[in-house]
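Working notes for the structure below.
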Amino acid sequence: MAPIFVLFAPIVGALCSNLVPGTAVPLGFWRGLVVQCALIAAPLAATWWGPVRWRDLLFRRAGARASLGLGIAYSAVYLLLLFAAQRAGLHVSHFNLARRTLGLPVVLALYVPLWGFLEALWMAYVYAYLDLGALRRPHPSLPGLALGGAWFGALHAAAQVVAYHVPWGRAWPDVAIGALFCITQSITKWSRNAWGAALFWTVSNF
């Protein structure tokens, strides 16, 4: 039962986010924060409820150097693309309004642990469970990576509808965001270690 709750934690968070009063500014940031807090289900399940345990999440010493090397390389490519997008006049961060309203220190203090490391933990749990529990194959695998990407994209679109009341017609293209799961967790796949994926996700998700 615990893995199912973890898999649907973003939707639970999205439902709870509607309790945030409409007067909260910026509303999207605070509702998003509630969604992120729901992801605490992943480390709690890995600690107490099984069947996926911390060792299955691959936050370990073995392979950490290769994993962090890939994470740094991926992050460098992302930052170069970000710089190019900014030079082209594109608005690329969904935290711009929050930074202007709350200030960068507050946003970073909430972002790094919740949108960064906690979400990376949740992604690692989902990947491990899909391999070990749903597909019954050695972790990390390519089929689990693809299925995780599809799940991540579907949840992201659904959360847009539930938390932010975006019409389905506008939300469904967000399933493409599942590609970000595949890109991030490919670090785990190739290095058999999740530290680099957590680093890259923290950098690229801001």
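Does segment 63-71 include one or more residues that are modelled with pLDDT of 90 or more, out of contact with any Cys (no Cβ under 6 Å at 6 or more places or on another chain) and polar (S, T, N, Q)? For segment 63-71, residues modelled with pLDDT of 90 or more, out of contact with any Cys (no Cβ under 6 Å at 6 or more places or on another chain) and polar (S, T, N, Q): present. Looking only at residues of segment 3-17 that are open to solvent by 20 Å² or more (accessible area, probe 1.4 Å) and either of a type outside the set (Phe, Trp, Tyr) or in contact with a strand residue (DSSP E or B) (Cβ under 6 Å, 6 or more places away or on another chain) (or both), we find that the one that is nearest to GLY144 (Cα to Cα) is ILE4.
Number of residues in segment 25-72 that are small (Gly, Ala, Ser) and under 19 Å from the mean Cα position of the chain (by Cα) equals 9. The residues in segment 23-32 that are open to solvent by 60 Å² or more (accessible area, probe 1.4 Å) and in a helix (DSSP H, G or I) can be counted, and the count is 1. Selection of first residues in segment 123-146 that are touching a residue at least 60 places away in the same chain (Cβ under 8 Å) and of second residues that are open to solvent by 60 Å² or more (accessible area, probe 1.4 Å) and among the aliphatic types (A, V, I, L, M), restricted to Cβ pairs under 7 Å at least 6 apart or on distinct chains, gives the following pairs, ordered by first then second residue: HIS139/LEU132. Take the conditions (1) in contact (Cβ under 8 Å) with a residue 40 or more places away in the chain; (2) surrounded by 15 or more Cβ atoms within 10 Å (Cβ to Cβ); (3) in a helix (DSSP H, G or I); GLY149 misses just one of them, which is (1).
Checked against the criterion of being closer than 22 Å to PRO140 by Cα, part of a loop (DSSP other than H, G, I, E, B) and without any contact (Cβ under 8 Å) to a residue 24 or more places away in the chain, segment 42-62 has at least one qualifying residue. Restricting attention to segment 170-206, the residues being more than 26 Å from ALA109 (Cβ to Cβ), in a loop (DSSP other than H, G, I, E, B) and open to solvent by 30 Å² or more (accessible area, probe 1.4 Å) number 1. Exactly one residue among VAL35, VAL20 is open to solvent by 20 Å² or more (accessible area, probe 1.4 Å), over 13 Å from TYR129 (Cα atoms) and at pLDDT 95 or above, and that residue is VAL20. Of the residues making up segment 81-121, those that are open to solvent by 30 Å² or more (accessible area, probe 1.4 Å), small (Gly, Ala, Ser) and over 28 Å from ILE40 (Cβ atoms) number 3.
The values are calculated or read from the model by the stated rules, or taken from the named source; none is laboratory data. From a predicted model like this one, the values you see are computed outputs, not experimental measurements. All Cβ positions, glycine included, derive from the backbone under ideal geometry; neighbour counts span all protein chains shown. To get the accessible areas, we keep the full protein, side chains included, count just its heavy atoms, and leave off ligands, DNA and RNA. Shrake-Rupley method; radii C 1.70, N 1.55, O 1.52, S 1.80 Å.
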